[in-house]
Amino acid sequence: MNTKKIWIISLILGIAFAGIAYLSIFSKGKVSEASTVEVTQKSDEKKSDEEQAKKEEALKREFNNPLVVVSNGKRAISINVDPAQGVSGYIAPNSKVDVIAYGTKKDDKTKKEYRSAVLVLENVKVLSSGKSSDNKEEALHYESVTLEVTPKEGVMLSLAAKDKDGFYLMLRNTEDPDKGKVGLKQTREVIKEGD
């Protein structure tokens, strides 16, 4: 072989080897840069997810007195009751009750006072008694009861809460489906001592 051919082959092989070495060295750098960027982005996303989880955890409330799950199409509404009006503490989640609204009216002509009681809802599911922050002991001495109602019943009950003096609850057998007495009303004159 002549020297000229050897020099040309060496030059071509040298350029090819240098090109391969160049590509392998600098492409690894680009890959490491890309992987560094990717790792940094994943790390930022992970931090963001952790921060979001911490925010969500901070917003979660701990319920000492949990609420029974509200059925589809129904709503939860709370009404105030005294212990005697709330069946003396016997109402528990998943109980069934009838709701009686009572009120007082005064007849201006006769100066007499009348008290009425009206059955406004029947066979209503109790979701909870007491406040969400009440422990089990406090929940037995409830001043409010949360009921499951339809939107229409909820509107009527909220209006009755504003118009009436209060509510009484009648505890029912959970297997008693009897209905049809809504609107049942009893009115009597309030007799005061000395009259």
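So that you can scan it fast, the table gives a plain yes or no per residue for (1) of a type in the set (S, T, N, Q); (2) more than 52 Å from the chain's Cα centre (by Cα); (3) modelled with pLDDT under 65:
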| residue | (1), (2), (3) |
| --- | --- |
| 8 | no, yes, no |
| 19 | no, yes, no |
| 24 | yes, yes, no |
| 33 | no, no, yes |
| 37 | no, no, yes |
| 57 | no, no, yes |
| 82 | no, no, no |
Neighbours by Cβ (under 8 Å, 6+ apart or cross-chain): first from the range 87-112, without any contact (Cβ under 8 Å) to a residue 12 or more places away in the chain; second surrounded by fewer than 19 Cβ atoms within 10 Å (Cβ to Cβ) and of a type in the set (S, T, N, Q)
105/116
Of the conditions (1) at pLDDT below 70; (2) of a type in the set (Val, Ile, Thr); (3) under 27 Å from the mean Cα position of the chain (by Cα), residue 99 fails just one. Which one is it?
(1)
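Of the residues 148, 175, which single one is modelled with pLDDT of 75 or more, out of contact with any Gly (no Cβ under 9 Å at 6 or more places or on another chain), surrounded by fewer than 10 Cβ atoms within 10 Å (Cβ to Cβ) and under 21 Å from residue 91 (Cα atoms)?
Of the residues listed, the single one that is modelled with pLDDT of 75 or more, out of contact with any Gly (no Cβ under 9 Å at 6 or more places or on another chain), surrounded by fewer than 10 Cβ atoms within 10 Å (Cβ to Cβ) and under 21 Å from residue 91 (Cα atoms) is 175.
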Does residue 126 satisfy being modelled with pLDDT of 75 or more, closer than 22 Å to residue 185 by Cα and under 25 Å from the mean Cα position of the chain (by Cα)?
no
Would you check which residues across the range 143-195 are of a type in the set (Gly, Ala, Ser) and either assigned to a helix (DSSP H, G or I) or closer than 30 Å to residue 111 by Cα (or both) and list them?
154, 158, 160, 161, 166, 183, 194
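The values are calculated or read from the model by the stated rules, or taken from the named source; none is laboratory data. This is a predicted model, so every value here is computed, not measured. With ideal geometry, Cβ positions are generated from the backbone for all residues, glycine too; neighbour counts draw on all protein chains shown.
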